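**Q** Structure incoming, see below.
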Amino acid sequence: MRFRDWDQNLKVRLYGEALMNITFWMFFPFLTIYFAESFGKGKAGFLLIFSQVFSVFANLLGGYTADRFGRKRMMVISAFGQGIAFLVFAYAVSPWYTSPMLGFICFALVGVFGSIYWPASQAMVADVVPEKDRSSVFAIFYTSINIAVVVGPILGAIFYVKYRFELMVAVGIISILLALVLAKWTRETVPASAQKERAADGKWYDFLKNQLADYKVIVQDKIFLMFIVAGILAAQTFMQLDLLFPVYTKDTVNNQTVLELGSKIFTVNGEQAFGLILSENGLLVALFTVVVTKYMIRFRERNVFLVSSIIYAVAILMFGATNWIWGLIAAMAVFTLAELMTAGLQQTFISTLAPEHMRGQYFAAASLRYTIGRTIAPISIPLTVWIGYGWTFIILSILALFSAGLYWVMFRMYENRKAAEKMV
């Protein structure tokens, strides 16, 4: 599907979200270090877990409201809410007032609004893009995010320390502008079947009752439920990109030489090493997501998901085995390969499973892989205090292998179901 054939909604979102993501990634990778220094590793880990509990519920609510009230409306509300939270966060790190706890509360609110935004945005893509083109469209959006992951941390390494307040203000204003752009230049895409389905909702308790009933239907879809559980286990590895990795590099990398050019020697400390490997991840994803996605659709989905989890397990062991900067760079390359393998396929698989009138909720439920995964993932930070970095990385690797096993079972069930449907 050529870009000029894209729906206007998607073009507006691609440009608006790209600018938002670049400013967001200028400071987000450094927040784990900020909270760990402010509260200590143990307390910071548990606070991060606590903040994600709210995102889990917000994610489920976001799926229902995307189907009930519309994709556009929920995206506008979420973007505006994030903007306000960012501006308050800016106040919490301003020259006139400092409050890590207020900053943490705003961080949690940003996560809540993001969890409401996500299912609506994914459902909108499924609404306007034919099934055969969805993998490539999702891959392009994923590439856009990772271009931000390249550019953002590089700029953040320059401006974050001295201009933290200004960065927070900028991202808050851009988020509010995104809400206004979405409100003016996009249209509603929720299918008529979903609107009709939700039109019967009455009072607030009917809303809650119907929501619970719908998610009960989703949970009873054993294949989809297993997909979520396997994704949660896999998330324990890739979620460490902005949780465990920055703390690990800060603690273990000390002014190492990266490159020597004649008399010039380029060295990195822990925080700079993290910025480097994070930018490497974003650059590789930006360059190769579309290419790898087109290559991966040639293979059986089962094999792609299974091998991806195994490669995650290998990459996480590589990280734990070295603090040499070039070893970390190599580990990140392997880690990124695992990420790219399923980048475009996941959303297409979800849209295939989801009934049209429940797309928003299926995407919301699928996002539990990330919200629940992110809820559990911060335990790795206090875990390093209790059992050390080595065993922490080993445990994460084992979880990725369990994920591979669940994917194998899930796709076997899925293929059996498809075969049975053809026989009917």
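Readers should treat all values here as calculations from the given coordinates under stated rules, not as data from a laboratory. In this text the structure is predicted, and so the values were computed from the model without any measurement. With ideal geometry, Cβ positions are generated from the backbone for all residues, glycine too; neighbour counts draw on all protein chains shown.
**Q** Roughly how many debye, to the nearest 20, is the charge dipole of segment 221-276 about its Cα centre, given +1 on each Lys and Arg Cβ, -1 on each Asp and Glu Cβ, and no other charges? Intermediate results must be reported in sequence, preceding the final value.
**A** Numbers: 3 positive and 5 negative charges, 11 e Å.
Computed charge dipole of segment 221-276: roughly 60 debye.
**Q** Let me have the 222 nm mean residue ellipticity of the chain computed from DSSP H runs of 4+ only, each contributing -39500 (n - 2.57), with the sum over all residues rounded to the nearest 500.
**A** About -27500 deg cm²/dmol.
**Q** More than 31 Å apart: what percent of Cα pairs in the chain qualify? Intermediate results must be reported in sequence, preceding the final value.
**A** Values: 34361 of 89676 pairs.
Taking all Cα-Cα pairs of the chain, the fraction more than 31 Å apart is 38 percent.
**Q** Could I ask something else about it? In whole angstrom, how far apart do the alpha carbon centroids of segment 23-88 and segment 218-287 sit?
**A** Distance between centres, Cα-based: 20 Å.
**Q** Give the relative contact order (percent, whole number) for the chain; include only Cα pairs under 8 Å separated by 6+ residues.
**A** Relative contact order, the chain: 27 percent.
**Q** Please express the shape of segment 226-341 as an equivalent ellipsoid: the semi-axes are the square roots of 5 times the eigenvalues of the C-alpha gyration tensor, given largest first in whole angstrom.
**A** 29, 17, 10
**Q** Below 14 angstrom from the Cβ of M341, what's the summed charge of the other residues (Lys, Arg +1; Asp, Glu -1)?
**A** So the surrounding residues net to +2.
**Q** Here's another thing I want to ask about it. Compute the distance in nm between two label points, each set 7 Å from the Cα along the Cα-to-Cβ direction, one at E131 and one at F266.
**A** So the label points at E131 and F266 sit 4.8 nm apart.
**Q** For segment 66-179, taking Cα atoms only, what is the radius of gyration to one decimal and the Dmax to the nearest whole Å?
**A** 16.2, 54
**Q** Normalized C-alpha radius of gyration of segment 56-101, against 2.2 N^0.38 Å?
**A** Rounded to two decimals, the normalised Rg is 1.55.
**Q** What does the net charge come to around L243 if you take all other residues with beta carbon closer than 13 Å to its beta carbon, with K and R at +1 and D and E at -1?
**A** Combined, the nearby Lys, Arg, Asp and Glu give +2.
**Q** Right, next: By the scheme Lys and Arg +1, Asp and Glu -1, what is the net charge of all other residues having a beta-carbon under 11 Å from that of P119? Working shown, then result.
**A** On the way: positive: R71, R359; negative: D67.
For residues surrounding P119, the net value is +1.
**Q** Using every alpha carbon pair in segment 289-424, what percent of pairs falls into each 10 Å bin from 0 up to the bin containing the largest distance?
**A** 11, 33, 35, 16, 5, 1
**Q** Given Cβ point charges of +1 (Lys, Arg) and -1 (Asp, Glu) and nothing else, what value in debye, to the nearest 20, does the dipole of segment 1-115 about its Cα centre take?
**A** Once rounded to the nearest 20, the dipole reads 260 debye.
**Q** Please work out the C-alpha center-to-center distance from segment 292-364 to segment 153-191 and express it in whole Å.
**A** Value for the Cα centre distance between the two parts: 27 Å.
**Q** Give K162/K264; K11/K72; K132/K294; K41/K250; K72/K294 a once-over and call out the pairs whose C-alpha atoms are over 20 Å from each other.
**A** On the way: K162/K264 26 Å; K11/K72 14 Å; K132/K294 12 Å; K41/K250 13 Å; K72/K294 29 Å.
Table pairs above 20 Å Cα-Cα are K162/K264; K72/K294.
**Q** Then there is this: I'd like to know which of S51, P382, I316 lies farthest towards the positive end of the charge dipole of the chain, counting +1 on Cβ of Lys and Arg and -1 on Cβ of Asp and Glu.
**A** About the Cα centre, the residue reaching furthest to the positive side is S51.
**Q** While we're on this one: For segment 13-80, what does the convex hull of the Cα positions come to per residue, in cubic angstrom?
**A** It is 94 Å³ per residue.
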